[in-house]
Amino acid sequence: LSGRGRANLEIKADTTELVTVAMAAIEGRRIHHQVMISSFHSHLLVLFTRHLPEIRTHHFITEAPDSEYWTGDGRFVDSIGLRADAAAREVISDFVQRRKSVWVWAVDDPEEALELASRGAAAITTNDPATILEALRREGYR
């Protein structure tokens, strides 16, 4: 990976042991700017941010956060992975106003993908990339 690409490393288990191993691998290979760490566990993302501040972090969430999120762990994340059924226009707008990129998952219907893109979703995760990409391109999205 070093010097040749980018990676999204998802920390699935809620354990600091994985954080320690991942941080050592990233530091040892000096790939800080090539890696984004993603997880459902925001407190683990905070550990990355505190020890490797140049690492981008991505928090997966299943519903719109309450206001305390933004004074807590939410202030440490760079982007949000939001479940599609929680991606109301006002929720996406709130993230965008806070300069947080919103990635929506998992969207397999082209019309839904177009609606989410119109709301401001920066990225869409899908099981049918060819169909979704074609629909987005047809409407002028990149």
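The values are calculated or read from the model by the stated rules, or taken from the named source; none is laboratory data. Quick caveat: nothing in here was measured; it's all calculated off a predicted structure. Cβ sites come from the backbone with ideal geometry, for glycine too, and all protein chains shown count toward neighbours. SASA here: full protein model, heavy atoms, side chains in, ligands and nucleic acids out. Shrake-Rupley method; radii C 1.70, N 1.55, O 1.52, S 1.80 Å.
Looking only at the range 36-55, how many residues end up being more than 18 Å from Thr125 (Cα to Cα) and touching a strand residue (DSSP E or B) at 6+ places or on another chain (Cβ under 7 Å)?
Qualifying residue count for the region: 7.
Being buried (at least 18 other Cβ atoms within 10 Å of the Cβ) and assigned to a loop (DSSP other than H, G, I, E, B) is the filter; apply it to the range 26-46 and report the residue that is nearest to the chain's Cα centre (by Cα).
The selected residue is His41.
Taking Met23 as the residue in question, decide whether it is hydrophobic (A, V, I, L, M, F, W, C), modelled with pLDDT of 95 or more, open to solvent by less than 40 Å² (accessible area, probe 1.4 Å) and assigned to a helix (DSSP H, G or I).
Judged against the criteria, Met23 is a match.
Report, by residue number, each residue of the range 73-89 that is within 22 Å of Ile132 (Cβ to Cβ) and open to solvent by 10 Å² or more (accessible area, probe 1.4 Å).
Listed by number, the residues that qualify are Arg83, Ala84, Asp85, Ala86, Ala88, Arg89.
Which of the residues that make up the range 90-142 are exposed (fewer than 14 other Cβ atoms within 10 Å of the Cβ), more than 19 Å from the chain's Cα centre (by Cα) and assigned to a helix (DSSP H, G or I)?
Passing the criteria: Glu111, Ala130, Glu134, Arg137, Arg138.
Looking only at the range 47-72, filter to residues that are open to solvent by 10 Å² or more (accessible area, probe 1.4 Å) and aliphatic (A, V, I, L, M); which one of those is farthest from the chain's Cα centre (by Cα)?
Among those residues, the one meeting the criterion is Leu47.
Taking Ala64 as the residue in question, decide whether it is farther than 26 Å from Ala106 by Cα and either out of contact with any Lys or Arg (no Cβ under 8 Å at 6 or more places or on another chain) or part of a helix (DSSP H, G or I) (or both).
Spelling it out, it is not the case that Ala64 is farther than 26 Å from Ala106 by Cα and either out of contact with any Lys or Arg (no Cβ under 8 Å at 6 or more places or on another chain) or part of a helix (DSSP H, G or I) (or both).
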